[in-house]
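Just below is one structure, and these are the notes that go with it.
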Amino acid sequence: MAAKATIQIFSDVNHLRYFALFFLLSCHVASGDEGTWELLLPNVGISAMHSQLLHNDRVIMYDRTNFGPSNISLPNGACRSSPGDAVSNIDCTAHSVEYDVALNRIRPLTVQSNTWCSSGGVTPDGTLQQTGGDKDGERKVRLFAPCDDNICDWTEVDNGLAARRWYATNHVLPDGRQIIIGGRGQFNFEFFPKTNAPNLYSLPFLSETNDPDENNLYPYVFLNTDGNLFIFANNRAILLDYSRNTVVKTYPEIPGGDPRSYPSTGSAVLLPIKNLVLEVLVCGGAPKGSYDLSQRRNTFVKALDTCARININDVNPQWIVEKMPRARVMGDMMLLPDGNVLLINGGGSGTAAWELGREPVFNPDIYHPDKPVGLRFEAQNPSKIPRMYHSTATLLRDGRVLVGGSNPHAFYNFTGVLFPTELRLEAFSPSYLDPKYSSIRPSIVDPRSQSTINYGRILRLRYTVTGRVKSPVKVTMLFPSFTTHSFSMHQRLLVLDHVISFRLGISRIYEVRVRTPSSPILAPPGYYMVFVVNQDIPSEGLWVRLQ
């Protein structure tokens, strides 16, 4: 169908006049006949509030330890003392599970302290490093090193953090450390592993963006090509030199002034990096004041139906705002291996937090960054499961998107409520996985998975295609994200510089040569998924370790 898209250009020179700088374009939105859904498991035992794909194709999911008993028992009859739990002081159930993608089965894990509304990400050696939470977990660091023998589990570091971290954001740095930024009542940042004492640095920007409804929690953080950090909170952003704790650039407020971060809870991605251009896309959220209206007056305001996009390294960077096909709050945004962006999950009104979201959004949308403004959105087939507060989405190596969670209640609650606690696990398959594209879908045959690659080298990828190859193919490289509360931390996709591609003799084997990222500032060290993309159809990913 056809719809109208409104484009607004914001000028910080005279922001009161930005409404005079808009124009209308026709926006094509597909009719919703793309993509397919599959129910993977009817009950994973927990509500997937946090999610991380590891390089052995296992996904770690967890919620919180003081939810009361979950629907999956701890292994070997184990129980844990849970004095802070309002429902049960002795809990013999798991609040974290490992999902084996290949076998489509789960394994219960033991997490000892409260992981509620925490943060995390993978280290260069592939270990999941998880930080903070609530109550007994607020200063914990938890580590999960992947294994294939099903005996690995969580370990905990007491007082691993200098400050209480609840609703904070992590980002991997070029040296492999993670920076942990903000959180409730924390207008500062720190590092893990810890740097030389003191390990706590004031960040006034977070107090400046803290309004009565907060709206500066889970800030959106992205590593720039100059080594500085783009940090977005509420409705504006800065570029921070974290090594000197100096703000090197201040960005204009998003047109309209509405907040986008928790609890208004839009979502954001760093668009695919090519030719060293870095653009940030922020979509959805709730208008200013929505949290107060929802919580105190039972009034659920329609969510925002706009995205704002900015080139963060422009001399005079400006936000460009465009219309989405539908309003969305608490949605997730995932970079797909073909370079497009998936918008999924969420509601059409209200805000994040207990019981404050309404109107589930069942249809995902795909955003095409390289298409003209007004032609970028494509509607997808709907799910049948509401995915509201505390939902997650995770890209898998095979190109599917794992979707789980949704629990807008203080405890597990399955009956007599508007949106019951959701334990089902689904997969969404974008249209590039449709069987009709199988003949042009590449299959990487060399190098082997888990290979190590180095910076600034030529990477040779051999692949097969039964149908036509349209040269040049594209090679993308994606860092797996840690997802919670509508933001995928560390998410980063690079389009690698093409060198040469050719067919090997008369066989159906092809070779493409690309240049790996030049430095850890462009791509921090660690495990990445590499995809060969032929005519917008990506291969299954190949795990490589960049070091």
(request) Mind counting the residues in the stretch 129-164 that are in a loop (DSSP other than H, G, I, E, B), farther than 21 Å from Ser81 by Cβ and polar (S, T, N, Q)? (result) 1
(request) Could you please let me know if Asn188 is open to solvent by less than 50 Å² (accessible area, probe 1.4 Å), over 21 Å from Trp319 (Cβ atoms) and touching a residue at least 24 places away in the same chain (Cβ under 8 Å)? (result) yes
(request) Can you work out which of the residues in the stretch 194-214 that are modelled with pLDDT under 95 and under 24 Å from the mean Cα position of the chain (by Cα) is surrounded by the most Cβ atoms within 10 Å (Cβ to Cβ)? (result) Asp213
(request) Take the residues in the stretch 215-254 that are open to solvent by 10 Å² or more (accessible area, probe 1.4 Å) and hydrophobic (A, V, I, L, M, F, W, C), then tell me which one is farthest from Asn275 (Cα to Cα). (result) Val247
(message) Of everything in the stretch 105-128, what is in a loop (DSSP other than H, G, I, E, B), under 14 Å from Leu53 (Cα atoms) and hydrophobic (A, V, I, L, M, F, W, C)? Give them in sequence order.
(response) none
(request) State yes or no: is Tyr99 under 21 Å from the mean Cα position of the chain (by Cα) and within 22 Å of His409 (Cβ to Cβ)? (result) no
(message) So, in the stretch 79-104, exactly how many residues are part of a strand (DSSP E or B) and closer than 30 Å to Pro525 by Cα?
(response) 5
(request) With the condition kept exactly as written, say whether any residue in the stretch 49-59 is at pLDDT below 95 and in a loop (DSSP other than H, G, I, E, B). (result) no
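For the structure I just gave you, tell me whether Ala268 is at pLDDT 95 or above, closer than 23 Å to Leu356 by Cβ and in contact with a helix residue (DSSP H, G or I) (Cβ under 9 Å, 6 or more places away or on another chain).
Working: at pLDDT 95 or above: yes; closer than 23 Å to Leu356 by Cβ: yes; in contact with a helix residue (DSSP H, G or I) (Cβ under 9 Å, 6 or more places away or on another chain): no.
When the stated conditions are applied, Ala268 does not pass them.
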(request) Quickly run through the stretch 342-357 and pick out the residues that are assigned to a strand (DSSP E or B) and surrounded by fewer than 24 Cβ atoms within 10 Å (Cβ to Cβ). (result) Leu342, Gly348, Ser349
(message) Residues that are touching a helix residue (DSSP H, G or I) at 6+ places or on another chain (Cβ under 9 Å), at pLDDT 95 or above, open to solvent by 10 Å² or more (accessible area, probe 1.4 Å) and not β-branched (Val, Ile, Thr): does the stretch 395-409 have at least one?
(response) yes
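The values are calculated or read from the model by the stated rules, or taken from the named source; none is laboratory data. Values in this document were obtained by computation on a predicted structure and should not be read as measured data. Glycine gets a Cβ as well: all are built from the backbone with ideal geometry, and neighbour counts include every protein chain shown. Please note that ligands, DNA and RNA were not included when accessible areas were found on the heavy atoms of the full protein model with its side chains. Shrake-Rupley method; radii C 1.70, N 1.55, O 1.52, S 1.80 Å.
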